[in-house]
Amino acid sequence: MNRTIKHTEDLRWLIGHTGGFRAGYVTEVQILKRRLFDEKSTRDVPAGTTIAVTIHYEIRGLARVAKLTMTGVTDFSVFEQDGIDCSSLSVIQTELNAGKLRFWFDPQGELYVVCDEAHLEELTLPMVTAQQAAELARWTFQGLETDGPSIQWLLGELNQAGLPCTWHDTERSDAIHPAVQWEGNLRPADDFSVDESNLVHAMAYSPPEGQGFGLLLRVFGMQDRRLSRILEVLADRITQHFSGNCLVGTTIIPGREWERWLIREHRSRPER
């Protein structure tokens, strides 16, 4: 989901689509101030401010992660007192006044932005319940193509990478969201001593808006380098073969930038 917000009709769509982010919470706020060097004055001069707010919320039985990037910012407030958590939202308010978009993310105006336009990026996934085993990692991809990877495609890519795995369909006693197409568990095929709680869980689903596909990968169990490697290999192969965005933690990353992001993350980790 990608949409530019410029006009009153766009604001109406945003509130209708998101429900005003009711009962959501802000996970990240990024402020980018650009400055350019002016040769005439030999000084750096302001060249615009951009603010990006990432919001997690739920609507109509689905979990969503939205990144609202506001450009041409002329006024804003980002204020949080010590000991007070202002990340929880009730319902945001918006308006278009004198050609400027205004966003109030809380009634007190502690998170408030005035800008020229905004751009919404959003990933949607079925809500998943916690399992007894610890979840070590989670990676979500939302593709633009109508047909996404199949179970056999995943197994084939892992086999080519020297990580052969077996597949086991998930058995559920509770109902799942109708958007879910299939789900199951991947385990290394060459080690029968692996604890059955150590696995990579995969779920394919259909996004509710428009065409495309969604794929959710989760690693469960004890720390196991092979399971982490399975997740990394699948993420690399999927972003190479399909166009779309991926979600890591609270960060939405264009699929084409996934590999660079992963390299940067590995370099930033301290040596052990």
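Values computed for the structure shown
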| item | result |
| --- | --- |
| Residues located in the range 222-236, provided they are over 17 Å from Asp190 (Cβ atoms) and either touching a residue at least 60 places away in the same chain (Cβ under 8 Å) or more than 18 Å from the chain's Cα centre (by Cα) (or both) | Met222, Gln223, Leu231, Leu234, Ala235 |
| Number of the exception - Asn2 against (1) open to solvent by 60 Å² or more (accessible area, probe 1.4 Å); (2) of a type outside the set (D, E, K, R); (3) within 20 Å of the chain's Cα centre (by Cα); (4) at pLDDT 90 or above | (4) |
| The range 143-169 - residue that is acidic (Asp, Glu) and open to solvent by 30 Å² or more (accessible area, probe 1.4 Å) and, of those, nearest to Leu123 (Cα to Cα) | Glu145 |
| Count - residues of the range 1-23 that are closer than 21 Å to Pro207 by Cα, not in a helix (DSSP H, G or I) and not hydrophobic (A, V, I, L, M, F, W, C) | 4 |
| Pair list, Cβ under 9 Å, 6 or more apart: the range 153-180 residue in a loop (DSSP other than H, G, I, E, B), other residue open to solvent by 50 Å² or more (accessible area, probe 1.4 Å) and modelled with pLDDT of 85 or more | Ala161/Arg229; Ala161/Arg237; Leu163/Arg226; Leu163/Arg229; Thr170/Trp182 |
| Asp75 being in contact with a Gly (Cβ under 7 Å, 6 or more places away or on another chain) and modelled with pLDDT of 80 or more | no |
| Subset of the range 101-116 [in a strand (DSSP E or B), in contact with an Asp or Glu (Cβ under 7 Å, 6 or more places away or on another chain) and open to solvent by less than 50 Å² (accessible area, probe 1.4 Å)] | Leu101, Val114 |
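The values are calculated or read from the model by the stated rules, or taken from the named source; none is laboratory data. None of the values given here were measured: they were computed from a predicted structure. No Cβ is skipped: glycine too gets one built from the backbone with ideal geometry, and neighbour counts run over all protein chains shown. The area values use the complete protein model at the heavy-atom level, side chains included, leaving out ligands, DNA and RNA. Shrake-Rupley method; radii C 1.70, N 1.55, O 1.52, S 1.80 Å.
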